[in-house]
Amino acid sequence: MSSERQQTGMNSPAATLIAPPPARTPRREISIATWLQGALVAFAFMSIGCSSGDRPLIATVQGVVTYRGEPVSYAKLVFLPQQVTGGEPCVGQTDEDGNFSKIVMAKSGTEGAVTGKYTVTVTEGWPPDDPIPTDDMGQEKSPPRGKWPQKYRDSASTALQVEVVADEDNYFEFDLSK
């Protein structure tokens, strides 16, 4: 054995099995132009299928809610999509005279509704400009119970079914006395 191997401890079997560290691969620099080209290609692929022809049609909706010939004031309306591609629930509220002039998509806030069939529920609400009353614990009070039948408050039992159609007057008259 050479004296050099003995001094460094290279005569042990473990020392002879250790492999040298792997050689580092040189880092490849990417130019801004190459990066932008890749980003544009990726964006183009992600945009496929998002053309305006694939977007659902949105139509305005308005109408009136009555019960026994009287307006249903400050009622909340919920339009629940039934046969609607790309639709979402929509909400609206009647004014003092029972009229609603618009509905808004609940998730996106877009005015109107995607064309298609909806089930509609009608529940009580507060006047929009009045502060919502609270109880002694600071909890919001429920609005006074409306006189119309319970079935209109529940999506499983309501008889209110509508179809929102593009390029038409989507004016609905909901009579809750039926």
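The values are calculated or read from the model by the stated rules, or taken from the named source; none is laboratory data. Being a predicted model, the structure only gives us computed values, none of them experimental. Cβ sites come from the backbone with ideal geometry, for glycine too, and all protein chains shown count toward neighbours. SASA here: full protein model, heavy atoms, side chains in, ligands and nucleic acids out. Shrake-Rupley method; radii C 1.70, N 1.55, O 1.52, S 1.80 Å.
With no solvent and one point on each alpha carbon, what is the Debye value of log10 I(q)/I(0) for region 65-178 at q = 0.12, 0.18, 0.19, 0.22 Å⁻¹?
Debye intensities relative to I(0), on a log10 scale: -0.44, -0.95, -1.04, -1.30.
Whose amide H sits under 5 Å from the amide H of Q82, counting only residues 5 or more places off or on another chain, with H placed in the peptide plane?
So Q82 has HN proximity to K117, Y118, T119.
Run the reach check for K178 against aspartates and glutamates, Cα to Cα strictly under 14 Å, same-chain hits fewer than 8 apart removed. What comes back?
E70
Of the listed peptides 153-166, 90-103, 131-144, what is their order by residue-averaged count of other C-beta atoms within 10 Å, with the highest listed first?
With the highest mean Cβ count within 10 Å placed first, the list reads 90-103, 153-166, 131-144.
Stretched out fully, how many nm does the piece from E70 to D136 gain, at 0.36 nm a residue minus the Cα gap?
20.4 nm
R0 = 30 Å: FRET efficiency of Q150 with K117, Cβ-based, nearest 0.05?
0.85
What's the local net charge at Q82, with K and R +1, D and E -1, over the other residues with C-beta under 12 Å away?
Computed value for this residue: 0.
Go through W148, W126 and list them by solvent-accessible area, largest first, probe radius 1.4 Å.
If we order W148, W126 from most to least accessible, we get W126, W148.
May I ask you to list the lysines whose Cα is less than 19 Å away from that of K102, ignoring any residue fewer than eight positions away on the same chain?
By straight Cα distance, K102 reaches K76, K117.
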